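For reference, the structure is listed below as structure tokens.
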Amino acid sequence: MAVILITGGTGMIGRRLTEHLVAEGNEVVILTRKLPEGKPVQNGIGYALWNIEQQTIDQAAISNADHIIHLAGAGVADKRWNTKRKKEILDSRTQSSALIVKALTEIPNKVQSVISASAIGWYGPDTADSRINGFSEDAKPDNAFLGETCRLWEESIEPVTALGKRLVKLRTGIVLSTQNGALLEFMKPLHMRVATVLGTGKQAVSWIHVDDLCRMYLFAIDHPTISGAYNAVAPSPVANKELIRILARQMCGQLYITLYVPSLILKIVLGEMSIEVLKSATVSSRKIEGTGFTFLYPQLGNALEELLGK
């Protein structure tokens with residue numbers, strides 16, 4: 001049994017990942033700003049305090065941890081981007097990483113590895129080559145906001161390697177879950193039998209089933225020979241309109257109408273965030289598959305079938 005310290009453990013991915021870790025016999029300690037009150041104690045799950053702004057953390061939590069999973073970060077799509085929100089998105093990632101580095105530097109510990117979230121926002125729009133082969137992990141970061149955020153995010157956690165800790169960075173695609181996130185947004189209009197395609201719908205969506213993502217975190221912990229950046233995406237990216245079509249068929253059968261939301265409307269409603277919604281990014285999973293990791297849900301159809309209970 002290992003002790004796994006998690007940041008961002010109360011988010012969509014963190015909650016599901018905690019279930020996977022506990023099911024495998026691990027002890028999970030969730031770093032939180034405020035200890036939960038009136039919540040029943042769950043076997044295998046504990047809580048410890050940290051404060052990113054004040055750069056403080058429970059020393060015992062660091063001392064007892066065998067591995068750290070770093071998921072913390074303000075939701076990229078939760079609010080419209082403005083200067084203040086973009087600063088929150090960046091600072092929540094880099095400052096939390098800085099606190100982990102500081103803690104591992106100052107507190108005696110036995111941490112073996114740090115598995116850190118990143119995102120496929122690292123990559124820019126598709127090129128002629130990426131449309132065929134997908135972006136690989138050695139591609140340079142995009143110079144747009146999310147590309148720069150991902151670069152600084154990864155750089156901020158990199159110093160743990162100088163402390164002798166193995167570092168794995170999982171550049172995560174669109175996570176499909178019925179608990180929160182993009183899939184629920186895609187599903188909302190379909191409850192009224194309307195399939196909404198964004199822009200032309202031709203943009204590639206690199207996605208992953210939430211359980212495959214959780215399994216990838218466990219795989220990263222259990223395989224000490226892997227390190228560095230890996231794309232956390234399924235092997236079969238799809239066009240936005242194809243994703244919506246498959247989802248609509250599963251939810252509505254043949255009884256739905258397709259509505260294209262013009263790019264101009266998205267730009268007005270979403271502002272700068274529309275760049276990412278409309279961007280086509282075909283991302284490769286070959287590197288993680290080369291380590292021996294296998295996907296339970298490599299195709300969108302079977303992923304949605306499992307999520308929708310079909």
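Derivation of every value follows stated rules applied to the coordinates shown; laboratory data play no part. These figures come from a predicted structure and were not determined experimentally. Counting neighbours? That spans all protein chains shown, and the Cβs are built from the backbone with ideal geometry, glycine included.
Can you name every residue in the stretch 287-309 that is surrounded by 19 or more Cβ atoms within 10 Å (Cβ to Cβ) and either free of Cβ contacts under 8 Å to residues at least 24 places away in the same chain or touching a Cys at 6+ places or on another chain (Cβ under 7 Å) (or both)? Within the stretch 287-309, no residue meets the criteria.
Number of residues in the stretch 111-151 that are β-branched (Val, Ile, Thr) and under 18 Å from residue 205 (Cβ atoms): the value is 3.
For (1) assigned to a loop (DSSP other than H, G, I, E, B); (2) within 16 Å of residue 218 (Cβ to Cβ); (3) over 13 Å from the mean Cα position of the chain (by Cα), each residue gets a yes or a no:
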| residue | (1), (2), (3) |
| --- | --- |
| 1 | yes, yes, yes |
| 4 | no, yes, yes |
| 10 | yes, no, yes |
| 14 | no, yes, no |
| 18 | no, yes, yes |
| 22 | no, yes, yes |
| 28 | no, yes, yes |
| 31 | no, no, yes |
| 36 | yes, no, yes |
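Exactly one condition in (1) closer than 22 Å to residue 210 by Cβ; (2) buried (at least 17 other Cβ atoms within 10 Å of the Cβ) is not met by residue 3; state its number. In the conditions (1) closer than 22 Å to residue 210 by Cβ; (2) buried (at least 17 other Cβ atoms within 10 Å of the Cβ), residue 3 misses (1) alone.
Being buried (at least 20 other Cβ atoms within 10 Å of the Cβ) and out of contact with any Lys or Arg (no Cβ under 7 Å at 6 or more places or on another chain) is the filter here, so list the residues in the stretch 197-210 that pass it. Across the stretch 197-210, the qualifying residues are 198, 199, 204, 205, 206, 207, 208, 209. Of everything in the stretch 79-121, what is under 25 Å from residue 175 (Cβ atoms), in contact with a Lys or Arg (Cβ under 8 Å, 6 or more places away or on another chain) and of a type in the set (S, T, N, Q)? Give them in sequence order. 113, 116, 118, listed by residue number. Taking the stretch 245-286 as the range and being within 28 Å of residue 221 (Cβ to Cβ) and surrounded by fewer than 17 Cβ atoms within 10 Å (Cβ to Cβ) as the test, only 286 passes. Residues in the stretch 255-285 that are farther than 26 Å from residue 171 by Cα and either without any contact (Cβ under 8 Å) to a residue 24 or more places away in the chain or assigned to a loop (DSSP other than H, G, I, E, B) (or both): 255, 256, 262, 264, 265, 268, 269.
Give 104, 90 a once-over and let me know the one that is surrounded by fewer than 23 Cβ atoms within 10 Å (Cβ to Cβ), closer than 30 Å to residue 224 by Cβ and not acidic (Asp, Glu).
Being surrounded by fewer than 23 Cβ atoms within 10 Å (Cβ to Cβ), closer than 30 Å to residue 224 by Cβ and not acidic (Asp, Glu) holds for just one of 104, 90, which is 104.
Remark: pairs (first residue in the stretch 139-154, over 19 Å from residue 287 (Cβ atoms) and in contact (Cβ under 8 Å) with a residue 12 or more places away in the chain; second residue among the aromatic types (Phe, Trp, Tyr) and surrounded by fewer than 23 Cβ atoms within 10 Å (Cβ to Cβ); Cβ separation under 8 Å; 6+ apart in sequence or on different chains) = 145/81. Of all residues in the stretch 52-72, those that are closer than 28 Å to residue 181 by Cβ, touching a strand residue (DSSP E or B) at 6+ places or on another chain (Cβ under 7 Å) and in a loop (DSSP other than H, G, I, E, B) total 3.
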